[in-house]
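What follows is a set of notes on a single structure, which appears directly below.
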Amino acid sequence: MSGFSFGFYPSTRKRRNRTDDFVRRLVAENQLSVNDLIYPVFVLPGEKQQQAVSSMPGVERKSVDLLLQEIEQLVSLGVPAVALFPVVGDDKKSLQAEEAYNEQGLVQTAVRAIKHRFPEMGVITDIALDPYTSHGQDGIIDKNGYVLNDETVDVLTKQALSHAAAGADIVAPSDMMDGRIGAIRESLEVEGFVNAKILAYSAKYASAFYGPFRDAVGSAGSLGKADKKTYQMDPANSDEALHEIALDIEEGADMLMVKPGMPYLDIIRRVKENFKVPVFAYHVSGEYAMLKAASQNGWLDEQAVVMEAMTCFKRAGTDAILTYYAKDIAHWLKNS
Ligand SMILES: NCc1[nH]cc(CCC(=O)O)c1CC(=O)O
Ligand SMILES: [Mg+2]
């Protein structure tokens, strides 16, 4: 019997559907699955090499042999894809970034090794010149340090072709040059890589949340006090992201990336509502570092807060999430 007999009581009780776990599960609108995860990995040259990243506790840079062991675990956990980021020695960096398209380069070698051992693992490679330039910018610079668009696109195209030739499933230009998606798509078609997919970082913002990543790949030192504001987007803008996305779809992108993640969920939502295309999010290094640091201090419950963050990505409309937590999440999903 209801305690209310005055003719006024809430006939609509939204709490009814929250009483028990079973009903909360039945009415849940969004759900994260292992199929939504991409695991980023930092690749070291050499063999049996493993290095921690101090600003990203739990993340290890690894040489290809050790990486293969990790990928074996990821395959058995059901993680669909990895994204490779090379840690290139200073002796291989230059003004023209020639190492970016070296057939025997670190990324090209790693892709061949992974696809040989684990053909079912999706391999995504980063298309940008920052690991290979002596100044740490994503492209070729003029004498004033300005990143030249068209000259850079020529090198990016060679880089993308060399990755596709090595067997990369998805090339992911993260440089924000204009017109690079069209140029890369055309070259891939001409060279016969008709099923090589392009994941375009269309809305990549000039973000301070990339700090720990730049430590991990060692571009922080080369970059010094310089920033990337002449090509990455202003965090103040949102309409501009839609224009960037529209151009990349037009030029032949297969899926689009918004980056960073959590502070940019409004962008994901707008993109998803305006363009019915696959939209991915990059939960970047600084976001990982924040959650990890607070968890290590006992200030946040790590698993709970990471799973909540991932569910929020799904709710915003994200199709896949690139996150340094992907392996942990896959374990948690398996054990839940
Ligand atoms: N092409 C550069 C690149 N590729 C991925 C990240 C950042 C990823 C992260 O912070 O996790 C960056 C950083 C940058 O623009 O300097
Ligand atoms: Mg663009």
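From the list Val155, Val171, Val194, which residue is modelled with pLDDT of 95 or more and either aromatic (Phe, Trp, Tyr) or assigned to a helix (DSSP H, G or I) (or both)?
On the way: Val171 fails: either aromatic (Phe, Trp, Tyr) or assigned to a helix (DSSP H, G or I) (or both); Val194 fails: either aromatic (Phe, Trp, Tyr) or assigned to a helix (DSSP H, G or I) (or both).
Criteria check complete, one pass: Val155.
When you go through (1) among the hydrophobic types (A, V, I, L, M, F, W, C); (2) within 9 Å of ligand 1 (Cβ to nearest atom); (3) out of contact with any helix residue (DSSP H, G or I) (no Cβ under 8 Å at 6 or more places or on another chain); (4) modelled with pLDDT of 95 or more one by one for Val217, which number turns out not to apply?
Evaluating Val217 over (1) among the hydrophobic types (A, V, I, L, M, F, W, C); (2) within 9 Å of ligand 1 (Cβ to nearest atom); (3) out of contact with any helix residue (DSSP H, G or I) (no Cβ under 8 Å at 6 or more places or on another chain); (4) modelled with pLDDT of 95 or more leaves (4) as the failure.
Would you confirm whether any residue within segment 100-110 is over 19 Å from Pro45 (Cβ atoms) and small (Gly, Ala, Ser)?
We begin by selecting, within segment 100-110, every residue over 19 Å from Pro45 (Cβ atoms); these are none.
No: segment 100-110 contains no residue that is over 19 Å from Pro45 (Cβ atoms) and small (Gly, Ala, Ser).
So which of Gly122, Gly89 is under 21 Å from Ala160 (Cβ atoms), out of contact with any helix residue (DSSP H, G or I) (no Cβ under 8 Å at 6 or more places or on another chain) and small (Gly, Ala, Ser)? Before you say what the answer is, go through the steps one by one.
Values: Gly89 fails: under 21 Å from Ala160 (Cβ atoms).
Of Gly122, Gly89, the one residue that is under 21 Å from Ala160 (Cβ atoms), out of contact with any helix residue (DSSP H, G or I) (no Cβ under 8 Å at 6 or more places or on another chain) and small (Gly, Ala, Ser) is Gly122.
Tell me, yes or no, whether segment 183-200 has at least one residue that is within 13 Å of ligand 2 (Cβ to nearest atom) and over 21 Å from the mean Cα position of the chain (by Cα).
Scanning segment 183-200, I find at least one residue that is within 13 Å of ligand 2 (Cβ to nearest atom) and over 21 Å from the mean Cα position of the chain (by Cα), so the answer is yes.
Leu161 - would you say it is in contact with a helix residue (DSSP H, G or I) (Cβ under 8 Å, 6 or more places away or on another chain) and either closer than 23 Å to Ile249 by Cα or assigned to a strand (DSSP E or B) (or both)?
Yes.
When only residues in segment 122-142 that are of a type outside the set (A, V, I, L, M, F, W, C) and away from ligand 1 (no atom under 13 Å from the Cβ) count, which is farthest from Asp91 (Cα to Cα)?
Taking segment 122-142 first, the residues of a type outside the set (A, V, I, L, M, F, W, C) are 122, 125-126, 130-139, 142.
From what's left, away from ligand 1 (no atom under 13 Å from the Cβ): 122, 134, 142.
Values: Gly122: 30, Ser134: 9, Asp142: 21 Å.
Selected residue: Gly122.
Out of Gly192, Gly145, Gly167, Gly179, which single residue is at positive phi, surrounded by fewer than 24 Cβ atoms within 10 Å (Cβ to Cβ) and within 16 Å of ligand 1 (Cβ to nearest atom)? Spell out the reasoning first.
Details: Gly192 fails: within 16 Å of ligand 1 (Cβ to nearest atom); Gly167 fails: within 16 Å of ligand 1 (Cβ to nearest atom); Gly179 fails: within 16 Å of ligand 1 (Cβ to nearest atom).
Residue meeting the stated conditions: Gly145.
With respect to Phe275, is the statement that it is over 30 Å from Tyr132 (Cα atoms) and within 16 Å of ligand 2 (Cβ to nearest atom) true? Spell out the reasoning first.
On the way: over 30 Å from Tyr132 (Cα atoms): yes; within 16 Å of ligand 2 (Cβ to nearest atom): yes.
Considered against the rule, which asks whether it is over 30 Å from Tyr132 (Cα atoms) and within 16 Å of ligand 2 (Cβ to nearest atom), Phe275 comes out as yes.
Pairs please, first residue from segment 175-201 and among the charged types (D, E, K, R), second anywhere and at pLDDT below 95 and more than 16 Å from ligand 2 (Cβ to nearest atom), Cβ atoms under 9 Å, 6+ apart in sequence or on different chains.
Going by the 9 Å Cβ cut-off, there are no qualifying pairs.
Residue pairs, Cβ under 6 Å, 6 or more apart or interchain, first in segment 51-70 and farther than 14 Å from Val217 by Cβ, second small (Gly, Ala, Ser). List them.
Ser63/Gly46; Val64/Ala110; Val64/Ala113
Being part of a helix (DSSP H, G or I) and near ligand 1 (Cβ under 9 Å from one of its atoms) is the filter here, so list the residues in segment 221-235 that pass it.
As a first pass, look at segment 221-235 and keep what is part of a helix (DSSP H, G or I): 221-223.
Answer for segment 221-235, where residues must be part of a helix (DSSP H, G or I) and near ligand 1 (Cβ under 9 Å from one of its atoms): just Leu223.
Can you pull out the residues in segment 217-235 that are of a type in the set (Gly, Ala, Ser) and surrounded by 15 or more Cβ atoms within 10 Å (Cβ to Cβ)?
Step one: list which residues in segment 217-235 are of a type in the set (Gly, Ala, Ser), which gives 218-222, 224, 226.
Selection gives Gly218, Ser219, Ala220, Ser222.
Each row is one residue, and each column tells you yes or no for (1) without any contact (Cβ under 8 Å) to a residue 24 or more places away in the chain; (2) polar (S, T, N, Q).
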site: Ala113; (1), (2): no, no
site: Ile127; (1), (2): no, no
site: Thr133; (1), (2): no, yes
site: Gly139; (1), (2): no, no
site: Asp142; (1), (2): yes, no
site: Tyr146; (1), (2): no, no
site: Asp150; (1), (2): no, no
site: Ala160; (1), (2): no, no
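Can you tell me which of (1) within 16 Å of ligand 1 (Cβ to nearest atom); (2) touching a residue at least 40 places away in the same chain (Cβ under 8 Å); (3) of a type in the set (A, V, I, L, M); (4) surrounded by fewer than 22 Cβ atoms within 10 Å (Cβ to Cβ) is the one Ala206 doesn't meet?
Single failed check for Ala206: (2).
Within segment 98-131, count every residue that is outside any helix (DSSP H, G or I) and among the small types (Gly, Ala, Ser). So that I can check it myself, show each step before the final result.
So the first thing to find is which residues in segment 98-131 are outside any helix (DSSP H, G or I), and the list is 102-105, 118-131.
Subsequent filtering for residues that are among the small types (Gly, Ala, Ser) retains 105, 122, 128.
Count: 3.
The values are calculated or read from the model by the stated rules, or taken from the named source; none is laboratory data. Not measured: the values here are computed from a predicted model. Cβ atoms come from the backbone with ideal geometry, glycine included; neighbour counts cover every protein chain shown.
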